[in-house]
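*Asks:* Handing you a structure now.
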Amino acid sequence: MNHPKKERTFVILKPDAVQRGLIGETIKRFESAGLKLTAMKFTVADEDRLWKHYNKDDAWFQKKGELSVKNRIDMGMSADREPIEYGKDIVRALVKFMSCCPVVMMVWEGNQAVAVVKKIVGGTEPTTSDVGTIRGDLTLDSYELSNRDERAVRNLVHCSDEVSEAEREIALWLTAEEIMSYRLVSEQILYDVNLDGIKE
């Protein structure tokens, strides 16, 4: 098992982040927290791998579809298909959105990187994301609006929810050779047990 300071997480800056010129702003927030960038790729994501990335099964599609049917009825919209199809529409919309233009894929490393990045990014629903988070500060989309428009929510960033998911996603999108191992000078102040040799 790796030391916690070597934990890695996977991040995608989505098409809305790229199109709105927020690449630098989001990277700055991760760097400011002390995380180390170990891989970055600017690419157009292919649809087959996006379906693997979202990694949902029929039980998930059914559950989300039933919720979608309820939401559609509550909004006065028609719901004339099986719930599972509405569940699949969620991923269909995500795949369409995520492959519409280039995205920035990154691997960040540091102590409890998965939890730290999730905290910086904020909750999935932009309108309830805390102020101070990327989603809370930089977007005003919502589930309600995206549901009415029948599209994916535009919340700027994808980040892994847990370490095992990060490992799976990193392996899906990047080769081992694309991930850099190096030392940042700032790691001494972040991680060294004794700050020896600081005074002259």
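*Asks:* When only residues in the range 167-187 that are in a helix (DSSP H, G or I) and without any contact (Cβ under 8 Å) to a residue 24 or more places away in the chain count, which is farthest from the chain's Cα centre (by Cα)?
*Replies:* Step by step, filter the range 167-187, then rank; the result is E177.
*Asks:* Just one of the numbered conditions (1) buried (at least 20 other Cβ atoms within 10 Å of the Cβ); (2) free of Cβ contacts under 8 Å to residues at least 24 places away in the same chain; (3) among the acidic types (D, E) is not true of E66; which one?
*Replies:* Only one criterion is unmet by E66, namely (1).
*Asks:* Please pick out the residue among D89, D137, D141 that is outside any helix (DSSP H, G or I) and surrounded by fewer than 21 Cβ atoms within 10 Å (Cβ to Cβ).
*Replies:* D141
*Asks:* Answer yes or no as to whether M1 is within 19 Å of E165 (Cα to Cα), modelled with pLDDT under 95 and hydrophobic (A, V, I, L, M, F, W, C).
*Replies:* Here the answer is yes, as M1 does meet what is asked.
*Asks:* When you scan the range 54-86, how many residues do you find that are among the basic types (K, R) and either part of a loop (DSSP other than H, G, I, E, B) or touching a helix residue (DSSP H, G or I) at 6+ places or on another chain (Cβ under 6 Å) (or both)?
*Replies:* Summing the residues that are among the basic types (K, R) and either part of a loop (DSSP other than H, G, I, E, B) or touching a helix residue (DSSP H, G or I) at 6+ places or on another chain (Cβ under 6 Å) (or both) in the range 54-86 gives 3.
*Asks:* Same structure again: Of the numbered conditions (1) part of a helix (DSSP H, G or I); (2) of a type outside the set (A, V, I, L, M); (3) assigned by TED's automatic domain parsing to the domain that holds V185; (4) in contact with a helix residue (DSSP H, G or I) (Cβ under 7 Å, 6 or more places away or on another chain), K119 satisfies every one except a single condition; which is it?
*Replies:* (4)
*Asks:* Of the residues L195, L190, L156, which is touching a residue at least 24 places away in the same chain (Cβ under 8 Å) and out of contact with any helix residue (DSSP H, G or I) (no Cβ under 6 Å at 6 or more places or on another chain)?
*Replies:* L190
*Asks:* A follow-up question, please. Would you confirm whether any residue within the range 94-109 is in a loop (DSSP other than H, G, I, E, B), at pLDDT below 90 and of a type outside the set (S, T, Y)?
*Replies:* No: zero hits.
*Asks:* Read through the list (1) β-branched (V, I, T); (2) within 18 Å of V18 (Cβ to Cβ); (3) not in a loop (DSSP other than H, G, I, E, B), then give the number of the only condition that V153 fails.
*Replies:* The failed condition is (3).
*Asks:* Sticking with this structure for a sec: Pairs under 6 Å by beta carbon, first residue farther than 14 Å from E144 by Cβ in the range 73-85, partner loosely packed, with under 13 Cβ neighbours inside 10 Å, six or more apart or different chains?
*Replies:* Filtered contacts from the range 73-85: A79/I73.
The values are calculated or read from the model by the stated rules, or taken from the named source; none is laboratory data. Keep in mind that this is a model prediction, so the values were computed, not measured. In this analysis, Cβ positions are derived from the backbone assuming ideal geometry, glycine residues included, and neighbour counts consider all displayed protein chains.
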